[in-house]
Amino acid sequence: LRAMRPDRVMNAARTYVHSVLGDRFDQTVPLNIESALAESTERTPLVCIITPGSELADAVLGLAKRLKKEVLSVSMGEGQNIVARKAIDTGISIGNWVLLQNAHMSIPFLETLQGSMAKLETIEPLFRLWITSHPHDEFPLGILQMSVRVANEAPRGIKASLKRTYASLTQDVVDAVGTPEWRMLL
């Protein structure tokens, strides 16, 4: 199949896993960002691998808001290395969270960050470093090995999309709905 139709390999693999192992192994599990946070420490970054159509920054910012944490967010790219370094230094000293979005745009910065994180002696215990990135062949292995890794894929199909949407709703969102007809749907 791979030789004739490489675009169909993933679908064929999913079909095979579904038929041999069952539904449980074919369905995507809603992302639980709180459990990833619980596994992390101030010296353990959280690396979030995202795919096109999925986004994690809103989930991190929402969690920070619920926990009353300040987040210094930097969208990586051309010329953002200095801004990111300042944000990380500030976060390390006062215990803020730092969110580096699209880190695959600045692989050389991640390589220097890997070395500097290992050399740090004192870090505020409340500090957390969140890194979002698309899959990249040159992503530093040292950061991947020292981090809590989270993968976030876009849901496949309407059913999976609805499950993810309903799983992300909080009681505050439901309470904010004004009309009783919509509240019953939620």
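For the chain, the fraction of 1.4 Å probe accessible surface lying on carbon and sulfur atoms is 57 percent. For the stretch 59-150, trypsin sites (Lys or Arg not before Pro) are listed when DSSP marks them as loop and at most 11 other Cβ atoms sit within 10 Å of their Cβ; the list is Lys68. With springs connecting C-alpha atoms under 10 Å apart, model the chain as a Gaussian network and identify which of Ser40, Ser93, Ser116 has the largest mean-square fluctuation. Maximum fluctuation in the GNM of the chain, among the listed residues, is at Ser116. Protein heavy-atom accessible surface, 1.4 Å probe, per residue over the chain: 64 Å². The string of couplings for the stretch 174-179 from the Karplus curve (6.51, -1.76, 1.60, θ = phi - 60°) is 5, 5, 6, 6, x, 8 Hz, one whole number per residue in order, with x for Gly and Pro. Modelled label positions at Val173 and Arg8, each set 7 Å beyond Cα in the direction of Cβ, lie 3.7 nm from each other.
Per DSSP helix of 4 or more residues, -39500 (n - 2.57); summed, then divided by the residues of the chain. What does that give at 222 nm, rounded to the nearest 500? Value at 222 nm, helices only, nearest 500: -14000 deg cm²/dmol. Based on every Cα atom in the stretch 60-160, Rg and the maximum pairwise Cα distance Dmax equal 14.4, 48 Å. For Val150, the residues 5 or more places off, or on other chains, whose built amide H falls under 5 Å of its own are Val47, Cys48, Ile49. Each label point was placed 7 Å from the Cα along the Cα-to-Cβ direction; for Ile94 and Ser40 their separation is 1.9 nm. In the chain, the ratio of gyration radius to Kirkwood radius, Rg to Rh, stands at 1.03 when only Cα atoms are counted. With Rh defined as the Kirkwood radius, the inverse of the mean 1/r over Cα pairs, the Rg/Rh of the stretch 107-147 is 0.97.
Across the stretch 131-147, rounded Karplus estimates of 3J(HN,Hα) from the backbone phi angles (6.51 cos²θ - 1.76 cosθ + 1.60, θ = phi - 60°) give 10, 9, 7, 6, x, 9, 5, 9, 4, x, 5, x, 5, 5, 6, 8, 10 Hz, Gly and Pro being marked x. Annotation: extensible slack from Ser73 through Glu124 equals 16.6 nm (criterion: 0.36 nm per residue apart, minus Cα-Cα distance).
The residues neighbouring Glu124, those whose beta-carbon lies less than 14 Å from its own, together hold a net charge of -1 under the Lys/Arg +1, Asp/Glu -1 convention.
The values are calculated or read from the model by the stated rules, or taken from the named source; none is laboratory data. None of the values given here were measured: they were computed from a predicted structure. Backbone-built Cβ (ideal geometry, glycine too); neighbour counts: all protein chains shown. All accessible areas refer to the heavy atoms of the entire protein, side chains included, with ligands and DNA or RNA removed. Shrake-Rupley method; radii C 1.70, N 1.55, O 1.52, S 1.80 Å.
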